[in-house]
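I have placed the structure first, in the form of structure tokens, so that the comments after it can refer back to it.
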Amino acid sequence: MIIELRGVEFVNKGAELMMQAIIKKIREKFPEAILTMQIGAKTPKAKLLQNGIKIKFSSNRSNRIGAFIPGLIRRIAGYYLESEVNIVLDGSGFAFGDQWGATYASRRLGSKISKWHNEGKKVILLPQAFGPFNAAELKMVMKKIILNADLLFAREEESYRHLQNIATFQNIKQSPDFTNLINGKVPEGFDSETYQVAIIPNYKIVESKSANQDVYISFLKHAIDKTIAIGLKPYFLIHEGVKDHQVAKDVNSFLTQPLDIIVMEDPLEIKGIISTAKFIVCSRFHGVVSALSQGVPCVTTSWSHKYVMLLKEYDFHEGLVQDLINYETLNTLLFNLAQPSYRYQLCEKLLQKSKVQKEKSAQMWDEVFNVINNYKKHR
């Protein structure tokens, strides 16, 4: 059985965390399965092979040339044809909606999914954010994806409604982000007394026009100043590459005492570090998931409905700061989170909510495995 992973990569640590979560579950359930991915700027060959993932020829031309190479030689070299793939698992996170457009959706899945369906491949879209879908061309692409996918999992209610507005089919399900099931690991020697409050920036807050750069930089600076004023020790934790790192450096340029910037290669170590925090200030979706699923409170900024819905699932609406200029809301939240008694009660509530979310994720995987097992039976 050859399974292709799509929509995951190594630059965005949330996407890599999803990759690690998928790999773990597949290898537990189907140890004989071969995992494949396409080589790209964010999925270099060395990284794929390092994670035990084989290479799938990406273009029509490379597949035609590859077909002339004897299968045994290709497999020894770690290469597979698209025609050899049986199962497609898409873990895009957020790639289908007006924000990205019809061309992008078509490139990601729409242009090939009908062909895959006709060839008997099983296509499953793992829990992710969807929508909205207002553009007519995008609606057509999404209808094609829904018609030809075996399962589509919306991460939350709003995404589920957006899919249902396109087509009401039984293959559309709802399940939370599945990285809640994978454990982090605290790096050896990490000092949680020196590093108490993680500040996780996201350049997309500016890129999506949710706030201009000056507003966002000022917001982070104020959050840091206030955190220090209430007696806690903040630091930057980078969740995606160069652009997020630059945001941290930009904020540091306005601070009297610049903060340490922690950059970890392993997403499991990032999740482990988050588990040690008293609370975090975060603009990255999977940073928020990693916090809440481990019972760590989070001051959350948002550029998409997925953040609002995530906090709703954990019954922590007050953790969302939508108006980055309203420092009064931020100050109140930071003050409350600095109180051990308030924080303890909140952590207990988050852990209870996390237990429910994890049960839902386990059920999601059962449904995915049922589709794969049925495919194996009828091969």
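The values are calculated or read from the model by the stated rules, or taken from the named source; none is laboratory data. Here the structure is a predicted model, which is why all the values come from computation and not from measurement. Neighbour counts are summed over all protein chains in view; Cβ atoms, including those assigned to glycine, are modelled from backbone coordinates with ideal geometry. We work out accessible area using only protein heavy atoms, side chains counted, and drop any ligands, DNA or RNA first. Shrake-Rupley method; radii C 1.70, N 1.55, O 1.52, S 1.80 Å.
Worth a mention:
- Angle of helix 327-337 to the longest C-alpha principal axis of the chain, folded into 0 to 90 degrees and rounded to 10: 90°.
- Highest mean packing comes first when the peptides 12-20, 141-149 are listed by Cβ atoms within 10 Å, giving 12-20, 141-149.
- At a probe radius of 1.4 angstrom, the accessible area of the range 115-261 per residue rounds to 46 square angstrom.
- To the nearest ten degrees, helix 213-229 and the longest principal axis of the Cα atoms of the chain are 50 degrees apart.
- When peptides 68-74, 330-336 are sorted by average Cβ neighbour count within 10 Å, with the highest value leading, the order is 330-336, 68-74.
- Distances between placed amide hydrogens fall under 5 Å for I39 paired with K56, all partners being 5 or more residues away or on another chain.
- Sequence of R107, R161 when ordered by accessible area, the most exposed leading, probe 1.4 angstrom: R107, R161
- Accessible area of the range 124-189 belonging to carbon and sulfur atoms, whole % at 1.4 Å probe: 46 percent
- Of the solvent-accessible surface of the range 304-379, computed with a 1.4 Å probe over protein heavy atoms with every protein chain present, carbon and sulfur atoms account for 49 percent.
- Value of Rg/Rh across the chain [Cα atoms, Kirkwood radius]: 0.98
- Accessible area (Å², per residue) of the range 264-320, counting only protein heavy atoms and a probe of 1.4 Å: 21 Å²
- Computed Kirkwood radius, in angstrom, where 1/r is averaged over Cα pairs of the range 209-270: 12.5 Å
- Its Cα gyration tensor gives the range 18-100 an equivalent ellipsoid. The semi-axes, each the square root of 5 times an eigenvalue, are 23, 18, 12 Å from largest down.
- Estimated D of the range 125-226 in µm² per second, where Rh is the Kirkwood radius over Cα pairs and Stokes-Einstein applies at 37 °C, 0.692 mPa s: 191 µm²/s
- The range 1-51 - percent of accessible surface contributed by carbon and sulfur, probe 1.4 Å: 53 percent
- If the convex hull is drawn through the Cα atoms of the range 61-141, its volume per residue in Å³: 111 Å³
- Per-peptide packing, taken as the mean over residues of other Cβ atoms within 10 Å, places 274-287, 176-189, 108-121 in the sequence 274-287, 176-189, 108-121 from highest down.
- Per-residue SASA entry for D323, accessible area with 1.4 Å probe, Å² rounded to 10: 80 Å²
- For the range 292-358, the spread of Cα coordinates along the three principal axes comes to 34, 30, 13 Å, biggest extent given first.
- Probe 1.4 Å - accessible area at V247, Å² to nearest ten: 20 Å²
- The range 265-379 - Rg and Dmax from Cα coordinates, angstrom: 17.0, 61
- From phi via Karplus (6.51, -1.76, 1.60), per-residue ³J(HN,Hα) for the range 355-360 in Hz, x at Gly/Pro: 4, 5, 5, 5, 5, 5
- Helix 136-148 axis, angle to the chain major axis (alpha carbon atoms, nearest 10°): 60 degrees
- Isotropically averaged projected area of the range 203-327, using the convex hull of Cα atoms (one quarter of hull area), nm²: 7.2 nm²
- Antiparallel content of DSSP bridges confined to the chain, in %, to 5: 5 percent
- Farthest positive-ward along the range 265-379 dipole, Cα basis, beta-carbon charges - from V356, H378, Q322: H378
- Among residues other than V308 with Cβ under 9 Å from its Cβ, the summed charge is 0 (Lys and Arg +1, Asp and Glu -1).
- Surface analysis of the range 57-114 yields an accessible area of 48 Å² per residue, using protein heavy atoms and a 1.4 Å probe.
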